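Student: The structure is given below, and queries will be raised subsequently.
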6 protein chains.
Amino acid sequence: MSLLPALADDALGPRARAVFDDIRATRGTDYVNHFWRVLANDPPTLERVWGSVKEVMAPGALDPLVKELVYIAVSATNNCEYCLHTHTAAARAKGMTGAQFRELMAVVALANQTNRLANGYRIDVDERYRSPLA
Amino acid sequence: MSLLPALADDALGPRARAVFDDIRATRGTDYVNHFWRVLANDPPTLERVWGSVKEVMAPGALDPLVKELVYIAVSATNNCEYCLHTHTAAARAKGMTGAQFRELMAVVALANQTNRLANGYRIDVDERYRSPLA
Amino acid sequence: MSLLPALADDALGPRARAVFDDIRATRGTDYVNHFWRVLANDPPTLERVWGSVKEVMAPGALDPLVKELVYIAVSATNNCEYCLHTHTAAARAKGMTGAQFRELMAVVALANQTNRLANGYRIDVDERYRSPLA
Amino acid sequence: MSLLPALADDALGPRARAVFDDIRATRGTDYVNHFWRVLANDPPTLERVWGSVKEVMAPGALDPLVKELVYIAVSATNNCEYCLHTHTAAARAKGMTGAQFRELMAVVALANQTNRLANGYRIDVDERYRSPLA
Amino acid sequence: MSLLPALADDALGPRARAVFDDIRATRGTDYVNHFWRVLANDPPTLERVWGSVKEVMAPGALDPLVKELVYIAVSATNNCEYCLHTHTAAARAKGMTGAQFRELMAVVALANQTNRLANGYRIDVDERYRSPLA
Amino acid sequence: MSLLPALADDALGPRARAVFDDIRATRGTDYVNHFWRVLANDPPTLERVWGSVKEVMAPGALDPLVKELVYIAVSATNNCEYCLHTHTAAARAKGMTGAQFRELMAVVALANQTNRLANGYRIDVDERYRSPLA
């Protein structure tokens with residue numbers, strides 16, 4: 001059971017209600033998931049986090065499906081059960097195929113393995129990879 | 001300084017040499033980076049890890065650039081300095097633009113934030129997101 | 001189900017019983033929670049960990065409520081379900097308000113975000129922040 | 001060396017410059033640290049993250065020093081070198097004493113220990129600690 | 001519920017079936033656990049990961065029980081519930097005593113504590129411990 | 001540079017000096033490494049952590065070398081540079097061979113990989129692995 005309750009629509013104040021309206025309009029669905037209903041206990045955080053999600057996950061230089069795949073990768077690495085379920089659903093809704101999902105998990109698992117080899121052996125960065133991208 | 005030395009070519013036995021030959025042929029470059037030179041101290045691990053990287057990172061349902069982006073996302077989450085430098089270089093070589101890199105980092109940072117909100121508040125997974133993908 | 005059983009009072013040997021007596025006396029309650037009942041399977045660890053908790057969490061330069069807030073912050077970052085439930089209860093018993101809890105979670109989430117921006121971009125520490133505190 | 005350059009003031013566009021002006025006004029200092037100078041390569045992220053930091057770290061139900069202590073706790077848990085140096089300096093500027101810093105580190109270390117005992121033994125949450133705070 | 005179904009034997013294609021045959025032969029039991037049944041949705045990953053587990057966990061310079069203890073240590077640190085249950089069972093089957101398990105958990109907890117003290121205080125590596133092992 | 005200075009012997013008060021005497025006597029060497037010299041700024045923590053290390057790392061149901069291997073495994077997983085260097089040295093002093101070290105790193109890397117597959121796919125624990133050890 002979550003540490004704060006998932007608020008029903010009729011328990012929202014005006015500030016949270018405005019965010020929920022925007023979530024519904026942006027996503028084109030009436031369903032608002034538990035994450036936002038729990039954050040609704042803290043309207044400034046609800047506004048700020050929703051604003052960040054809306055801005056960061058919008059189409060840009062990376063397409064929205066790639067962003068969802070990255071979200072899943074981070075959530076699997078951090079072991080966030082909630083985020084894995086919801087972002088897997090979101091990725092699917094954006095067209096992720098089963099084959100893409102399975103390859104994604106294979107890459108995430110591999111990277112977690114080689115991260116520990118590089119960190120564990122304290123491997124020095126090659127001179128040629130040190131310079132900034134800019 | 002790494003815990004095991006990065007082996008020069010003339011310090012390799014036949015098994016490690018064969019892997020290095022394959023790395024060079026697969027990547028089309030003579031340069032073999034420190035990661036493989038340190039793993040060369042352990043030829044079975046060198047073979048196994050290179051075999052996994054070659055297989056997992058090959059084009060498939062996800063394109064190779066997306067796989068590099070996922071690698072960077074995991075490495076930033078785990079704080080793997082070596083992997084961040086080398087996979088950023090690899091992603092660039094596969095066409096990652098500066099704008100893509102910056103958006104990637106924004107998604108990774110956001111996911112690390114919302115992962116802690118979901119885990120910290122112990123938010124229950126919505127019933128509709130529980131069922132398997134298959 | 002935990003990997004070792006939570007021991008009932010009548011299953012304790014003298015060493016674990018003495019620790020339980022001290023837990024009860026220190027906390028002014030008869031209730032001993034599962035954490036200690038599982039550690040009771042390993043009396044030296046029970047003694048050592050209880051001794052550490054008792055010493056570290058006592059009033060000092062930081063007040064006990066601040067220490068509980070820090071405990072929650074670490075537990076949310078590490079995704080420790082058990083610790084989140086018990087230390088949230090402990091913080092509440094020490095006077096944590098709902099508003100404080102919500103702000104705490106916002107800070108924890110933000111820090112997890114900026115930690116990955118700093119680590120992911122490999123940002124160099126400014127010279128002026130390098131020198132020791134002492 | 002960071003993956004993107006720390007931008008000097010004369011390399012900023014108008015959007016980043018406006019954020020830097022606000023950082024300087026809010027903090028009452030001309031110094032803008034590397035974190036913001038690297039984020040300045042990505043003006044929307046600079047704006048969004050600075051906006052979040054300004055809002056979340058402002059005085060509220062928790063005082064600003066407690067928020068800095070929580071930031072240090074998260075950064076030590078995640079091993080963020082940059083954040084440890086800068087938030088330790090920030091906490092000091094807000095009045096953190098040496099004794100407070102040492103106690104903080106002791107609590108962080110203890111929580112990381114007991115988090116693994118609880119997670120490793122898979123200890124079940126006591127019924128009485130399961131109910132939400134609200 | 002897992003994100004992909006645990007496949008029954010009659011749902012396997014020839015490639016997954018061959019891996020299951022090898023798991024059964026190697027382990028001397030008919031039981032194939034969920035981990036492999038979920039990976040069976042992705043036959044190349046099933047093959048690759050089983051191949052790695054079979055090679056890495058075989059007797060070598062470290063005996064198989066020590067390898068299981070290391071697996072538990074990593075799984076407790078990362079909070080992998082599945083791995084904790086299965087590798088604890090595997091370690092037991094290889095002779096781990098209750099006393100060994102309890103000591104293992106004490107070492108894991110202690111290392112997680114001192115890791116944060118060393119990382120949090122940014123303690124410099126002593127010159128004498130810097131040189132490689134080789 | 002560490003956040004607190006590594007104290008020289010002549011900067012110690014009587015409480016820290018007594019701990020250093022015990023470290024020297026227990027280890028049979030005059031050398032006291034930076035970890036303890038930094039903790040010496042906080043005598044109660046120095047005492048408590050040294051007491052824990054001395055007790056937990058002593059010979060018991062697990063031999064001291066196995067305990068060092070576990071320490072390295074946790075430190076590689078958490079990316080603790082300091083701990084990797086010092087505990088690798090300690091393991092070597094207790095007889096760890098190069099082959100053992102390389103196998104250890106292979107197990108750690110593998111476990112980090114499979115931990116993410118199990119967590120990422122949210123694989124359900126098999127009924128037969130759920131029951132406690134006791």
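The values are calculated or read from the model by the stated rules, or taken from the named source; none is laboratory data. Quantities reported herein were computed from a predicted structural model and do not represent experimental measurements. Using ideal geometry, Cβ is built from the backbone for each residue, glycine included, and neighbour counts are taken over all protein chains shown. These area figures cover heavy atoms from the full protein model, side chains too; ligands, DNA and RNA do not enter into them. Shrake-Rupley method; radii C 1.70, N 1.55, O 1.52, S 1.80 Å.
Student: Work out the mean other chain Cβ neighbour count within 10 Å for the residues of B:5-13 and drop it here as an integer. Mind dumping the intermediate values first?
Tutor: Details: counts 3, 5, 1, 0, 0, 0, 0, 0, 0.
Across B:5-13, the average partner-chain Cβ count within 10 Å equals 1.
Student: Once phi is turned into ³J(HN,Hα) by the Karplus curve 6.51 cos²θ - 1.76 cosθ + 1.60 with θ = phi - 60°, what whole-Hz value does each residue of segment A:106-118 show in order, with x for glycine and proline?
Tutor: 3J(HN,Hα) across segment A:106-118, in whole Hz: 5, 5, 4, 5, 4, 5, 5, 5, 6, 4, 6, 5, 5.
Student: Could you work out the mean count of beta carbons from other protein chains within 10 Å of each residue's beta carbon in D:91-103?
Tutor: Numbers: counts 1, 1, 0, 0, 0, 3, 3, 6, 4, 4, 10, 12, 12.
Per residue, the number of nearby Cβ atoms from other chains is 4 on average.
Student: May I pose another question? With a cap of 15 neighbouring Cβ atoms within 10 Å, and only residues DSSP puts in a loop, list the trypsin sites (Lys or Arg not before Pro) found in segment D:83-113. Can you show the working numbers first?
Tutor: Working: sites: D:ARG92, D:LYS94, D:ARG102; in loops: D:LYS94.
Passing both the DSSP loop test and the Cβ count: D:LYS94.
Student: Please report which chain D residue places its beta carbon nearest the axis carrying chain D onto chain A, with the distance rounded to a whole angstrom.
Tutor: Taking Cβ atoms only, the nearest residue and its distance are D:SER52, 4.
Student: In nm, what does the list of distances from C:THR97 to its counterparts in the other copies look like, shortest first, when each label sits 7 Å along Cα to Cβ?
Tutor: 2.6, 4.9, 5.6, 5.6, 6.5
Student: Let me ask something else. Over all distinct Cα pairs, what is the inverse of the mean 1/r for chain F, reported as the Kirkwood hydrodynamic radius in Å? The partial results should precede the final answer.
Tutor: Working: mean 1/r = 0.0573 Å⁻¹.
Evaluated on chain F, it is 17.4 Å.
Student: For C:LYS54, go 7 angstrom from Cα along the Cα-to-Cβ vector, then report the distances to that same point in the other copies in nm, smallest first.
Tutor: 1.9, 5.0, 5.4, 5.4, 6.1
Student: Ignoring ligands, DNA and RNA, what accessible area per residue does segment B:60-122 give at 1.4 Å, in Å²?
Tutor: Numbers: 1320 Å² over 63 residues.
About 21 Å² of surface per residue is accessible.
Student: If you add up the charges near D:LEU4, with Lys and Arg at +1 and Asp and Glu at -1, over every other residue whose beta carbon is less than 10 angstrom from its beta carbon, what do you get? If you can, show how the numbers build up before the last one.
Tutor: On the way: positive: B:ARG102, C:ARG122, D:ARG37; negative: D:ASP42.
Counting the neighbours of D:LEU4, the net charge comes to +2.
Student: Just how far, in whole angstrom, is segment C:16-91 from segment E:65-134 if you go by their alpha carbon centroids?
Tutor: Result: 22 Å between the Cα centres.
Student: Run the Debye formula on the Cα coordinates of the protein assembly as shown, all scatterers equal and no solvent, and tell me log10 I(q)/I(0) at q = 0.05, 0.09 1/Å.
Tutor: Scattering profile of the protein assembly as shown, log10 relative to I(0): -0.24, -0.83.
Student: Would you kindly derive the ³J(HN,Hα) couplings of segment E:43-55 from the backbone phi angles with the Karplus curve 6.51 cos²θ - 1.76 cosθ + 1.60 (θ = phi - 60°), listing them in order in whole Hz, with x for Gly and Pro?
Tutor: Ordered by residue, 3J(HN,Hα) equals x, x, 5, 4, 4, 5, 6, 4, x, 5, 4, 4, 6 Hz.
Student: Now for a different question. Determine the share of segment D:1-56's accessible area contributed by carbon and sulfur atoms, expressed in whole percent, with a 1.4 angstrom probe. Intermediate values should be presented prior to the final figure.
Tutor: On the way: 1330 of 2430 Å².
For segment D:1-56, the apolar C and S fraction of the accessible surface comes to 55 percent.
Student: Helix-derived [θ] at 222 nm for chain C: sum -39500 (n - 2.57) over DSSP H runs of at least 4, divide by residue count, nearest 500?
Tutor: Values: 6 runs with 85 residues, N = 134.
Calculated at 222 nm, the ellipticity per residue is -20500 deg cm²/dmol.
Student: Per residue, how much accessible area does segment C:1-56 show when a 1.4 Å probe rolls over the protein heavy atoms, in square angstrom? Walk me through the numbers before you get to the answer.
Tutor: On the way: 2430 Å² over 56 residues.
Value returned for segment C:1-56: 43 Å² of accessible area per residue.
Student: Between Rg and the Kirkwood Rh of segment D:61-124, both from Cα atoms, what is the Rg to Rh ratio? All intermediate terms of the calculation are to be shown ahead of the outcome.
Tutor: Numbers: Rg = 13.2 Å, Rh = 12.5 Å.
Ratio of gyration radius to Kirkwood radius for segment D:61-124: 1.06.
Student: What are the ³J(HN,Hα) values, in whole Hz, obtained from phi via the Karplus relation 6.51 cos²θ - 1.76 cosθ + 1.60 with θ = phi - 60°, for each residue of segment C:96-105 in sequence order, with x given for Gly and Pro?
Tutor: 4, 8, x, 5, 5, 4, 5, 5, 4, 5
Student: Hey, for D:PRO5 with labels 7 Å out along Cα-Cβ, what do the inter-copy distances come to in nm, ordered shortest first?
Tutor: Once sorted, the set of distances for D:PRO5 reads 3.8, 3.8, 5.6, 5.7, 6.8 nm.
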